[in-house]
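Undergrad: The structure's right below; bear with me while I get my questions together.
The values are calculated or read from the model by the stated rules, or taken from the named source; none is laboratory data. Here the structure is a predicted model, which is why all the values come from computation and not from measurement. No Cβ is skipped: glycine too gets one built from the backbone with ideal geometry, and neighbour counts run over all protein chains shown.
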């Protein structure tokens, strides 16, 4: 059946792709029910046929025995008196029995007293080929013999000493009985065949009107789940109201999903547009503000040089200025102006660092990835070597376990490792020797890298904001702008991974991030 092929396709797809339990489809169950019902009918027919044949044969044998017994009793007198006409009359009474094909009465010395042969019956009038076929298929003859005892009026039946005076025999032709039985069984077989045909027709009709729409619904659901094509619709079938209710609800659900999917896509496109605009703005701001900062720094340097020139110019006349005013002038020249220029220089430097961070993050989204095989063991060792001075100052020791090779962008991974190791060193507790551990675990189709320290740790309320731009924890004793971890998070996301943090204030932190294997 075509619906059976579709059922197999749906079942195979669901098993391979969706992981469903491999159970029989409705079509297979209907066919199985039909096969079982057919088998039951066939077994019933065989049992009925066997029972009917045995019963028919048993009844025929019993009837022939009764006829033989009656004929033997009626033949006592003809045998005693050798009355052939009476014997022939007794045999002629068998003409009412269609099955009797021949009969005879034999004396005790073996001589035949009388014989009987009826006219040819229907089976005997058949062509020779048909008769041969009937005799091959059926057991055509049944012969029964019955002894005839001498009469005893005092004990006619029970006297065991009665003398055998002859024998009667009857031969039955069972062909007619078998033909009659075959006709009955044929009608029964035709009825069962009709029932099977009706069941087959109902099964096909049910498969076409119910199973096929259900399989179409299942196939459509699988295709939508695999291809995300919400334009598909299932056709309504007017013959079944309940099924149409399910199909209508399914189509309505598809319309709602399609509408929401389109809305989400529009919002996603809008967010991507805003994100691009924000990146452009960040790039422009960080790039264009550098020039004013450079100018400010330049003018601060010029102001310092001018201050030195002013000191030289005022040096000859300082002795002429009253002491009180001289003190005020020196305070301005040696304290107020230098302090102000230092604040300006520090502010400019901090602003430059912030602008560098913004520019670095804005470039991250535009940067083209250069995927290659990276030896993370060597990369970590190189980064440890580059911060050796800072780690020695913090009395830090590194414990690096064997690390894997991974297909990723070497530059971004180096930046991620550098920021995490630098943070781990910066936030070590100065009251105790620092220990920084680095290792990696393989998890299905990705690696998870860990950077653990025994430093100051991060409080629970601060853990939520350390990955945000320009946000830092409450520990302000360590210099920073709040850009590094935000950059790390963005870089890891750019590489297709995630980052997480576990920390306890005063005990240390564990940063872990995932990267796909390739």
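Undergrad: Restricting attention to the stretch 94-119, which residues are assigned to a strand (DSSP E or B) and without any contact (Cβ under 8 Å) to a residue 24 or more places away in the chain?
TA: If the condition is that a residue be assigned to a strand (DSSP E or B) and without any contact (Cβ under 8 Å) to a residue 24 or more places away in the chain, then 112 is the only one that fits.
Undergrad: Right, here's the next one. How about the stretch 251-260: which of its residues are over 13 Å from residue 232 (Cβ atoms) and under 25 Å from the mean Cα position of the chain (by Cα)?
TA: Result: 252, 256.
Undergrad: Give the number of residues within the stretch 392-444 that are part of a strand (DSSP E or B), in contact with a strand residue (DSSP E or B) (Cβ under 7 Å, 6 or more places away or on another chain) and touching a residue at least 12 places away in the same chain (Cβ under 8 Å).
TA: Selection size over the stretch 392-444: 17.
Undergrad: Can you pull out the residues in the stretch 445-464 that are in a loop (DSSP other than H, G, I, E, B), in contact with a strand residue (DSSP E or B) (Cβ under 9 Å, 6 or more places away or on another chain) and over 18 Å from residue 397 (Cα atoms)?
TA: 445, 458, 459
Undergrad: Another question, then. Would you be able to tell me the number of residues in the stretch 186-231 that are free of Cβ contacts under 8 Å to residues at least 40 places away in the same chain and either part of a helix (DSSP H, G or I) or in contact with a strand residue (DSSP E or B) (Cβ under 8 Å, 6 or more places away or on another chain) (or both)?
TA: Here the count works out to 19.
Undergrad: Let me ask another. Which helices (runs of 4 or more DSSP H) does the stretch 17-93 wholly contain that include 2 or more residues that are over 30 Å from residue 164 (Cα atoms) and at pLDDT below 85?
TA: Those helices (runs of 4 or more DSSP H) span 26-74.
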